[in-house]
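Readers should treat all values here as calculations from the given coordinates under stated rules, not as data from a laboratory. Since this is a predicted model, take the numbers as computed values, not measurements.
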Amino acid sequence: MKTLKPVFFVRSLEPFCCPCCRGEKATVIGSRNRKIIETSEGNPQTKTIRIRRLKCESCSRIHHELPGSVIPYKRHAVKSVEAVLEGNISLVIVENSTIRRWVSWFDGLTCHLLGVLNTMTKDNTVEKTPFPGTRLQRLRQYVGETTGWLSRVVHQAVKQNLWVQTRSAFSAG
Ligand SMILES: [Zn+2]
């Protein structure tokens, strides 16, 4: 017997701002479904979310609206990845190899992300010298320590058009 999985419609609350040209107007030209695995609250659940495709009216580039629960190109919910990176491995039911992959993925990415966040805050004179602490602690000082920090970091990089897909560039496997 087939059961229908719920589809989540996602709409960003933030006004559109094109990562390429800073245009503020976009037309919705369609949507696509994306499966996402949530593992941080008990049994793994696959949810389907619907992501809107937007076309920037200034530069005509196509963008996908990114919900807070999603990391580009990752199948797992951002919450699960965040918990693992914080060392709360017991909260997340995934294979050890997946955990190792996430840690190594993030390890290859942190320097880049710190650079992105540092560039963004330069004008606001938030920090003249780099924050102390581990790279993870420093990242969290930029975006706030509370739950959801990974989502905030990812979204800042995406908004600046500085998100990098690391599989080929950094990942050790
Ligand atoms: Zn644009």
Taking Cα pairs under 8 Å and at least six residues apart, what relative contact order does region 7-159 come out at, in percent? 20
To check my understanding: the extent here is largest minus smallest coordinate of the Cα atoms along each principal axis. What are those three numbers for region 7-159, in Å, largest first? 44, 43, 23
Extension reserve of the Glu14-Asn33 stretch, reckoned as 0.36 nm per residue once the Cα distance is removed: 4.8 nm
Need the C-alpha centroid separation for region 17-62 versus region 75-126, integer Å. 20
Looking at region 7-159, send over the antiparallel percent of its DSSP beta bridges, to the nearest 5. 80
